[in-house]
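Taking it in order: structure first as structure tokens, then the write-up.
A short reminder: the numbers here are calculations on the coordinates, not readings from a lab. All values derive from a computational prediction rather than experimental measurement. Cβ atoms come from the backbone with ideal geometry, glycine included; neighbour counts cover every protein chain shown.
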């Protein structure tokens with residue numbers, strides 16, 4: 001059994017690959033942006049990490065989206081719909097959650113195949 005930890009630190013790894021499966025959680029880098037722009041940014045970060053490990057968004061199996069404000073659901077969906085791989089939409093759920101960084105409007109956890 002091989003487990004590959006991408007950029008591991010004491011508290012967490014950037015991503016983990018095990019059994020041809022990628023585990024990753026994305027947060028936005030543009031913390032002063034609105035929910036739609038933060039979502040688009042977090043999704044672009046997902047694209048980068050998946051490319052780094054040899055995968056892409058068409059191979060995402062599961063996505064969990066955490067939103068601070070449920071009113072941001074339509075804005076998040078606009079960014080998601082513009083990004084998601086046509087014909088390859090993963091299982092997805094969205095929950096309202098208090099996130100640890102008060103500037104985060106969204107956080108996205110994914111599981112993808114290699």
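So that you can scan it fast, the table gives a plain yes or no per residue for (1) under 23 Å from residue 6 (Cα atoms); (2) in contact with a helix residue (DSSP H, G or I) (Cβ under 8 Å, 6 or more places away or on another chain); (3) touching a residue at least 40 places away in the same chain (Cβ under 8 Å); (4) not in a loop (DSSP other than H, G, I, E, B):
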| position | (1), (2), (3), (4) |
| --- | --- |
| 30 | yes, yes, no, no |
| 48 | yes, no, no, yes |
| 71 | no, no, no, yes |
| 85 | no, yes, no, no |
Practice prompt. Select from region 72-91 the residues that are within 14 Å of the chain's Cα centre (by Cα) and under 13 Å from residue 106 (Cβ atoms) and list them in ascending order.
Written response: 76, 77, 79, 80, 83
Worksheet item: Of the residues that sit in region 35-46 and are closer than 16 Å to residue 101 by Cβ and touching a helix residue (DSSP H, G or I) at 6+ places or on another chain (Cβ under 7 Å), which one is surrounded by the most Cβ atoms within 10 Å (Cβ to Cβ)?
Response: 39
Worksheet item: Restricting the search to region 7-28, which residues are more than 15 Å from residue 107 (Cβ to Cβ) and assigned to a loop (DSSP other than H, G, I, E, B)?
Response: 7, 8, 9, 10, 11, 13, 19, 20
